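Data block below; observations after.
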Ligand SMILES: [Zn+2]
């Protein structure tokens, strides 16, 4: 085997990744209405609700059912961390009887935009619904990706139900019933996820992620995130960051790299080839995908199946 200099490897990897690691691949839907086909159609008089992402929009739609017409401001396959609003975004905000945001730094520019444009109804910040002490903070910043712990998604659902009941008091019992039915599904999903992850051997639980979307998932289901390929979404890693990541992989014995379906996996493969790791390229976190990952529940089942297959 030919010895290779670590510095040469890092320079080669860094040169090969310019502008591709966080570049969107595939098509982005023209609007944010591409929610799962099993959702009920809005009934006449349904109120307009906007959510910042498709994942949050699906949670809202499960609770509101036919009483609401939900739009995601960031379209399916789009990236919340680097999203640029369009004229349609402003129209959707101005017509909304409820605006649902995640908070915790995920969607602050859009939340500020809601304040500027003005909506018909209130803003619901789902991160505020998390139990005290459950927000994960790194280097002084909250990590926003709480929904990837299904227990936290259940907290989101409870907050959505309370907000919709306040806006539609005459429909409160229907909303409560729909929320309870969905919450029961999520309780089952949480238990299923725990059972699936239990099959992963203890020695295989260290992973690298594309961006830092999985700390809540890891905490809930027993994985250890060793590092991220991209520290700042929208910016490619520097040679120094790649060198640090390779060193962390080596010292930890991390088993797999999780990349994301809406992004190029070239950088993940380059690192994995170097460090002899497994790559799972098609996880979803910030956005829904095509069926069967076109709902929150579908997204979790999709990711869990692939994570377990990569780590067994
Ligand atoms: Zn993210």
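The values are calculated or read from the model by the stated rules, or taken from the named source; none is laboratory data. The shown structure was predicted, so the numbers you read here are calculated from the model rather than taken from an experiment. Glycine also receives a Cβ, built like all others from the backbone with ideal geometry; neighbour counts cover every protein chain displayed.
Miscellaneous remarks
The rows are residues; the columns are (1) outside the structural domain of residue 143 (by TED's automatic domain parsing); (2) away from the ligand (no atom under 14 Å from the Cβ); (3) in contact with a strand residue (DSSP E or B) (Cβ under 7 Å, 6 or more places away or on another chain).
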site	(1), (2), (3)
230	yes, no, no
255	yes, yes, yes
269	yes, yes, yes
274	yes, yes, no
288	yes, no, no
299	yes, no, no
302	yes, yes, no
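- Set side by side, the residues 197, 189, 210, 223 differ, and just one is more than 16 Å from the ligand (Cβ to nearest atom) and surrounded by 22 or more Cβ atoms within 10 Å (Cβ to Cβ), which is 223.
- Members of segment 276-286 found to be in contact (Cβ under 8 Å) with a residue 60 or more places away in the chain and either away from the ligand (no atom under 16 Å from the Cβ) or on the phi > 0 side of the Ramachandran plot (or both), listed by number: 277
- Residue match in segment 158-172 (condition: buried (at least 22 other Cβ atoms within 10 Å of the Cβ), under 29 Å from residue 260 (Cβ atoms) and more than 16 Å from the ligand (Cβ to nearest atom)): yes
- Number of the condition not met by residue 234 [criteria: (1) touching a residue at least 40 places away in the same chain (Cβ under 8 Å); (2) at negative phi; (3) within 15 Å of the ligand (Cβ to nearest atom)]: (2)
- Under the condition of being free of Cβ contacts under 8 Å to residues at least 60 places away in the same chain and surrounded by fewer than 19 Cβ atoms within 10 Å (Cβ to Cβ), the residues counted in segment 260-271 number 1.
- Tally, over segment 254-278, of residues that are under 13 Å from residue 210 (Cα atoms) and assigned to a loop (DSSP other than H, G, I, E, B): 4
- Sole residue being at pLDDT 95 or above and in the same structural domain as residue 181 (by TED's automatic domain parsing), chosen from 132, 144: 144
- The number of residues in segment 105-152 that are closer than 23 Å to residue 48 by Cβ and either under 19 Å from the mean Cα position of the chain (by Cα) or within 16 Å of the ligand (Cβ to nearest atom) (or both) comes to 13.
- Selection of segment 295-312 for residues being buried (at least 22 other Cβ atoms within 10 Å of the Cβ) and in a loop (DSSP other than H, G, I, E, B) yields only 295.
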